[in-house]
Amino acid sequence: MPDDAPETLTEELKAEAARLGFQMAGACPAVTPVGISRLGEWLTAGFAGEMHYIAERRAAYEHPRHVLDGARSIVVLAMNYRPPEPAAIERGAGRVARYARGRDYHDVIHERLKRLAAWLVARRPGARVRGVVDSAPLMEREFAQLAGLGWIGKNTLLLNKRLGSWFFLAALLTDLELTYDDAHEKDHCGTCRACLDACPTDAFVDAYQLDARRCISYLTIELRSPIPVELREGIGDWLFGCDICQEVCPWNREAPLAEEVEFAPLPYLNPVDAAKLFELDEGTFRERFRHSPLWRAKRRGLLRNAAIVLGNSKNDGAIPVLVRGLNDEEPLVRAASAWALRQYTGEEAIAALIARQAIETDADVLAEIQGVVPAPP
């Protein structure tokens, strides 16, 4: 077979991807994704919540050429991130989703994609190439299925028999012709409902359909406003993200641990001392989390989440911390801290709420306080 044949290039490209740390690689044509109509229906139903950027780029999802002009082929890549089982969670500690316990995967994978793209351009000078991970308007799971990497499970995540769902997806788009893998046609979820039944906030409207507005990952990461009251108890001790629908999936029981050292859990994220987060100002928050996925929630979002975790913990030792949060400069943090203090019946909590009510001007915070403290006449 000639060295410049698409088959040869595709196999060499996959081998280079493996050398760079990707556990799976599959190639597919750059076409309109089969699920584009379902995306429109999902947006129309309002299931995206405050993720307005998806609707704003709705048209761009219709074809990969909007990500790379002239795109003909996509190499879909997967990198395993499964860490060891998390440390024991004590009352007042916050859980972090497994993918977020190490270095930010965007940084790690982008660096590998740049090297893979450089290899391809060196192999085919003049080729147009772009690597993306979780940022461009590309339906990665649809193309991963088309490239033979797995099937989309009932929890809407891509599943693979060997890796389960503990992996990141990335893509390398090019204007070159490659040899394409067979699409993964079979659904191996069968009659299993483990993921659907385990969700504490009932985020699954039905199998394969997620209402992000009720998903703990969305609530603790993407949502910028107060978390709806009726969903706060269901968040439990999840500080950032959620793994429940993956933890109960049978396909994840035998998935191998990741070998990538960049994804090894950092001690202070496995788990997080929720109370100590209230000691961080913007500067110290940036210093600690700038290169972590937790940065996406920003300080105010993470402290809002921490307050919910402490409110759910019913740990009296958290009251002084929540009082501090009740006087934070961010209204979002004050409102969540007020709700959390309402979960306690001690005099210290009530006194703090009364004192804050006397000086509070934000309507959301006052609404949280007045749930337990009568408004002044």
- Taking one equal scatterer on every alpha-carbon of the chain, how large is log10 of I(q)/I(0) by Debye at q = 0.09 1/Å? -0.58
- Pull out a ≥ b ≥ c, the square roots of the eigenvalues of the alpha-carbon gyration tensor of the stretch 16-162, then state rounded if a/c is under 1.5, prolate if not and a/b is larger than b/c, and oblate in the remaining case. oblate
- Could you calculate, for the stretch 1-88, the ratio of the Cα radius of gyration to the Kirkwood radius, expressed as Rg to Rh? 1.11
- Regression test value, accessible area per residue of the chain, probe 1.4 Å, units Å², expected 46 Å²
- Taking Cα atoms only, helix 331-342 is inclined relative to the longest principal axis of the chain by an angle, in degrees rounded to 10, of 60 degrees
- Item | Net charge of Cβ neighbours under 12 Å - reference GLU287; Lys, Arg +1; Asp, Glu -1 | +2
- Item | Hits among lysines - C-alpha to C-alpha of LYS314 under 22 Å, sequence gap 8 or more where chains match | LYS276
- Note on the structure: The summed charge of the ALA93 Cβ neighbourhood (under 11 Å; Lys/Arg +1, Asp/Glu -1) stands at 0
- Note on the structure: A correct Stokes-Einstein calculation for the stretch 266-363, using the alpha-carbon Kirkwood radius, 20 °C and 1.002 mPa s, returns a whole-number D in µm² s⁻¹ of 157 µm²/s
- Query: Which sequence of ASP107, ASP134 reflects their accessible areas, 1.4 Å probe, from the largest down?
  - Reply: ASP134, ASP107
- Query: Dipole of the stretch 279-372, Cα-centred, from +1 at each Lys and Arg C-beta and -1 at each Asp and Glu C-beta, to the nearest 20 debye?
  - Reply: 460 debye
- Rounded percent of accessible protein surface that carbon and sulfur make up, the stretch 229-348, 1.4 Å probe: 48 percent
- Query: In the structure shown, do any of LYS14/LYS186; LYS186/LYS298; LYS14/LYS161 have a Cα-Cα gap over 29 Å, and if so which?
  - Reply: LYS186/LYS298
- How far, in degrees from 0 to 90, does helix 6-19 lean away from the longest principal axis of the Cα atoms of the chain, to the nearest 10? 40 degrees
- Item | Highest average packing first - 52-61, 324-333, 85-94, 228-237, Cβ atoms within 10 Å | 324-333, 228-237, 85-94, 52-61
- On a C-alpha basis, how far is the centre of the stretch 40-104 from the centre of the stretch 157-201 in Å? Whole number, if you could? 13 Å
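The values are calculated or read from the model by the stated rules, or taken from the named source; none is laboratory data. No experiment lies behind these values; they were computed from the predicted model shown. All Cβ positions, even for glycine, are placed from backbone atoms using ideal geometry, and neighbour counts span all protein chains on display. Side chains included, ligands, DNA and RNA excluded: accessible areas come from the protein's heavy atoms. Shrake-Rupley method; radii C 1.70, N 1.55, O 1.52, S 1.80 Å.
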